[in-house]
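What follows is a single structure, written as structure tokens, with notes after it.
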Amino acid sequence: MSSQLMRALLLALLSTVIALPVGYFVAHWAGWTVFCLGLALQMAFHFRNFARLDRWSHNPVVDPSLEGEGAWDGIFGRLYRHEKDLREQIAERDHQIAMLFAAGQALTDGVVLLDTHNQILFCNSTAEDQLGLVIRTDRGQSVANIVRQPEFVAYLEESDFSRPLTMRTERKEDRVFSIHIIPYAGSRRLMQVKDVTQTERLDRMRRDFVANVSHELRTPLTVLAGFLETLQEFDVDREERNRYLEMMADQSKRMQSIVQDLLTLSSIESAPPPDNEPVDMASLLDKLHRDADGLSAGRHTIIVENDGHNDLRGSEPELVSAFGNLVANAVRYTPAGGKIRISWRASPQGGEFAVQDSGIGIEAKHIPRLTERFYRVDRGRSRDAGGTGLGLAIVKHSLNRHQAQLDIKSTPGVGSCFTAKFPASRVSSL
Ligand code: ADP
């Protein structure tokens, strides 16, 4: 028994002990009066504390001044400590939940928690954006009512979730999502939504690239094999034989160019960042001029302009290869009699290398795709001109590595202008 309770009993005993001699020596009624007064005082005391406890229980605030009297002090003290501990535990748990919630919101993958009936319990803001959910209004709704694609509904109904589902949503048709359902806590489900648009695009590019390379090499190989077979099986005269050999040499040169361009591309891709050494633009432009003259063989008027104030900083072989491709294209796609202007202008704000021609030009719809590997406006024309379809892909890669942008302006039948725009950091003053 606690000491407070003992004290309360002693007080009750005390009023009895006082009442007994009073009743015996004075009068019975006086004894009873003292006894009743003692009891009444004790009842009033307990009632007062009970009323305080009752009031507090309606609004149990953590109040250190909460103190009882006598036997009630211990009760109030324990209640105060219990309430305080409880509040601290709740605050700690609230903090942990808030941290978990913040971590869920910070995820770059979408996360949706579903109950056993596929009803939404929670989703983070990434999932809201990916799937068009609004947690405020969609909590408790079946996820199949919001994401209605048949393949998704069928996936939800499956029992085997070992593989994710890859799909586009109606809302974001340009994005590809990988949706993976992971069962947890019995039959609840966690739905993870990853944006795999980039991975899918790279995968498709890789597949297309392999298909394109095979296709590009197969044509000359087939021609070569055909001629070889003819030469082996038939007795052809010397003149015919020379003609075949010439065509075979053309095809093998074509294969060599393709392989050479592929090697250039792959070496650019795997090379470390380019140097930052100044490149002598005057001699680079001279070299481009000589190469253009050689390719053109006098069929075009070629002008070179250099404002002569600044050089470029970068890897000379890469820049020669990129600029050389632009010049070679200008010669290839400009009919005889046309004009080609090669220019370099630079200031401390940046530099521009441009190749302008008065050639066949390019329709606007092709321009965004020109730097894709093997993309050609006119396959036959490119092949006849000795193109591989990889020139502008090489240009784009080299320029990217020098933080430069390729700007293409063209009008069919009038001509094209390809401009490589370099940032100030790539310009060095003479
Ligand atoms: P290709 O080896 O076929 O020239 P590129 O990657 O260098 O490949 O160029 C891609 C396509 O862009 C070409 O096939 C051609 O259709 C077009 N093109 C490039 N440069 C020019 C230009 N100066 N004038 C017209 N068309 C061009």
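Please give the calculated 222 nm ellipticity per residue for the chain, where each DSSP H segment of at least 4 residues contributes -39500 (n - 2.57) and the sum is spread over every residue; nearest 500 deg cm²/dmol? Intermediate values should be presented prior to the final figure.
Details: 13 runs with 229 residues, N = 430.
My calculation for the chain gives -18000 deg cm²/dmol from helical runs alone.
Sorting check: for 320-326, 385-391, 129-135, which peptide has the highest mean count of neighbouring beta carbons within 10 Å, and how do the rest follow?
Ranking, from highest mean packing down: 320-326, 385-391, 129-135.
Can you give me the accessible area per residue for region 277-429, using a 1.4 Å probe, in Å²?
Dividing the accessible area of region 277-429 by its residue count gives 45 Å².
Most mobile of 242, 118, 306 per a Gaussian network model of the chain (Cα springs, under 10 Å)?
Sorting by GNM fluctuation, first place goes to 242.
Determine the dipole magnitude for region 277-429: charges of +1 sit on the beta-carbon of Lys and Arg, -1 on that of Asp and Glu, nothing else is charged, the reference point is the Cα centre, and the result goes in debye to the nearest 20.
On the way: 20 positive and 17 negative charges, 126 e Å.
Once rounded to the nearest 20, the dipole reads 600 debye.
Could you estimate the translational diffusion coefficient of region 82-164 from the Stokes-Einstein equation, with Rh from the Kirkwood formula over C-alpha pairs, at 4 °C and 1.567 mPa s, in whole µm²/s? Mind dumping the intermediate values first?
On the way: Rh = 14.7 Å.
Result for D is 88 µm²/s.
Could you state, as a whole-number percent, how many of the C-alpha pairs of region 229-277 are farther apart than 19 Å? Please list the in-between numbers first.
Numbers: 632 of 1176 pairs.
Everything past 19 Å amounts to 54 percent.
Please work out how much length the chain gains when fully extended from residue 43 to residue 207, using 0.36 nm per residue of separation minus the C-alpha to C-alpha distance, in nm with one decimal.
On the way: separation 164, 0.36 × 164 = 59.04 nm, distance 9.18 nm.
Going from the current span to full extension adds 49.9 nm.
Once the piece of chain linking residue 347 and residue 101 is laid out straight, how much longer is it, given 0.36 nm per residue of separation minus the C-alpha distance between them? Can you show the working numbers first?
On the way: separation 246, 0.36 × 246 = 88.56 nm, distance 5.19 nm.
My answer for the length gained is 83.4 nm.
If r is the Cβ-Cβ distance from residue 158 to residue 33 and R0 is 60 Å, what FRET efficiency results, to the nearest 0.05?
So the FRET efficiency works out to roughly 0.10.
Principal axis extents for the chain, Cα atoms only, whole Å, descending order, please.
That gives 158, 60, 34 Å along the principal axes, largest extent first.
Which peptide among 349-357, 279-287, 419-427 comes first, and what is the full order, when sorted by highest mean count of other Cβ atoms within 10 Å?
In decreasing order of mean packing, 349-357, 279-287, 419-427 become 349-357, 419-427, 279-287.
Is the C-alpha gyration tensor of region 239-343 telling us rounded, prolate or oblate? Criteria: a/c under 1.5 is rounded; beyond that, a/b larger than b/c is prolate, otherwise oblate.
Note, shape of region 239-343 comes out oblate.
Just to confirm the number: angle between the C-alpha axis of helix 391-401 and the first principal axis of the chain, 0 to 90 degrees, nearest 10?
40
What is the total of Lys pairs in the chain with C-alpha atoms under 19 Å apart, excluding same-chain pairs fewer than 8 positions apart? Please report the intermediate quantities before stating the final value.
Working: 172/194; 287/339; 339/409; 365/396; 365/409; 396/409; 396/421; 409/421.
Count of close lysine pairs: 8.
Quick one: what are the phi-derived ³J(HN,Hα) couplings along region 352-366, Karplus 6.51/-1.76/1.60 with θ = phi - 60°, whole Hz, x for glycine and proline?
9, 9, 10, 10, 10, 10, 10, x, 6, x, 9, 5, 4, 5, 7
In nm, what is the difference between 0.36 nm times the number of residues separating residue 236 and residue 173 and their Cα-Cα distance? Please list the in-between numbers first.
Working: separation 63, 0.36 × 63 = 22.68 nm, distance 5.96 nm.
Gain in length upon complete extension: 16.7 nm.
The values are calculated or read from the model by the stated rules, or taken from the named source; none is laboratory data. Nothing here was measured: the structure is a model prediction, and the numbers come from that model. Using ideal geometry, Cβ is built from the backbone for each residue, glycine included, and neighbour counts are taken over all protein chains shown. In case anyone asks, the SASA skips ligands and DNA or RNA and just uses the protein heavy atoms, side chains included. Shrake-Rupley method; radii C 1.70, N 1.55, O 1.52, S 1.80 Å.
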